[in-house]
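Before any comments, here is the structure.
The values are calculated or read from the model by the stated rules, or taken from the named source; none is laboratory data. Since the structure is predicted, the reported quantities are computational estimates derived from the model, not experimental observations. So basically every Cβ, Gly included, is an ideal-geometry build from the backbone, and we count neighbours across all protein chains shown. For the accessible areas, the whole protein counts, side chains as well, though only heavy atoms, and no ligand, DNA or RNA atoms are used. Shrake-Rupley method; radii C 1.70, N 1.55, O 1.52, S 1.80 Å.
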Amino acid sequence: MAGMATHVITGAGSGIGAAVARRLHARGDELVLHARDAGRAKDLAAEFPGARTLVGDLAEPDRLSWAFSHQTLPDRVDSLLHIAGVVDLGGIGELTPKSWHHQLGVNLVAPAELTRLLLPQLRASRGHVLFVNSGAGLNANAGWGAYAASKHGLKALADALRQEEHAAGVRVTSVYPGRTASPMQAKVHQQEGKEYDAGQWIDPESVATTILMALDLPRDAEVNDLTVRPGR
């Protein structure tokens with residue numbers, strides 16, 4: 001992808017999202033960083049000087065259109081990077097509808113709505129939509145039902161979008177990282193009752209490298225699905 005491209009990024013506050021934002025910011029690209037509230041937007045703007053912010057709560061996807069109607073959307077979007085996510089482990093017999101709605105809302109419905117709202121700009125620039133999925137988007141394990149359902153749905157969203165927007169020149173990529181050292185992974189270990197050692201898992205910078213590779217690939221090729229697993 002050419003220099004000075006404009007990237008809209010969710011999840012830039014930590015983990016994989018922060019690693020990707022740092023790399024794109026360092027090379028001089030334009031960043032539009034999603035934040036759930038004004039306070040978080042202020043923090044992101046301070047961390048990434050020159051970046052713009054877009055405020056809206058992914059946990060309330062029905063209100064994103066209203067929230068964005070009071071802000072200025074970027075005129076150009078070269079890539080939309082869906083990296084934010086939430087996880088709440090529990091058996092099917094334990095998880096409440098609230099937990100299901102929260103994970104499906106943030107992990108699936110919000111990316112669909114954000115994509116819909118920015119699709120005109122993506123079409124105009126022949127841009128790229130990239131979904132950071134999960135190994136749980138390919139295989140569901142016990143205790144991961146709701147999270148895996150949201151990520152399986154995210155795969156379906158990406159696959160359908162790829163077919164729908166191919167003629168418009170919009171590229172669509174799903175990245176499926178294994179366990180990655182991040183605050184989310186620390187929370188997962190806490191829920192599992194296990195000790196967390198970040199050194200045992202993928203460095204977010206390694207996942208960021210694969211994401212930038214997909215974004216920077218020449219137009220004669222497209223990465224559809226990319227699986228990244230711990231190398232240790």
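A compact table of results
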| item | result |
| --- | --- |
| The listed residue being in a strand (DSSP E or B) and either among the aliphatic types (A, V, I, L, M) or at negative phi (or both), out of HIS25, HIS7 | HIS7 |
| Residue in the range 153-161 that is surrounded by fewer than 20 Cβ atoms within 10 Å (Cβ to Cβ), over 16 Å from the mean Cα position of the chain (by Cα) and either charged (D, E, K, R) or not in a helix (DSSP H, G or I) (or both) present | no |
| Residues that are assigned to a helix (DSSP H, G or I) and surrounded by fewer than 22 Cβ atoms within 10 Å (Cβ to Cβ), drawn from the range 114-127 | THR115, ARG116, LEU117, LEU118, LEU119, PRO120, GLN121, ARG123, ALA124, SER125 |
| Set ALA149, ALA142: member being over 23 Å from THR210 (Cβ atoms), open to solvent by 10 Å² or more (accessible area, probe 1.4 Å), touching a residue at least 40 places away in the same chain (Cβ under 8 Å) and assigned to a helix (DSSP H, G or I) | ALA149 |
| Subset of the range 89-113 that is assigned to a loop (DSSP other than H, G, I, E, B) and under 12 Å from ALA149 (Cβ atoms) - its residue that is least open to solvent (accessible area, probe 1.4 Å) | LEU95 |
| Among the candidates ASP62, ASP57, residue that is among the acidic types (Asp, Glu), under 29 Å from GLY145 (Cα atoms), in contact with an Asp or Glu (Cβ under 9 Å, 6 or more places away or on another chain) and not in a helix (DSSP H, G or I) | ASP57 |
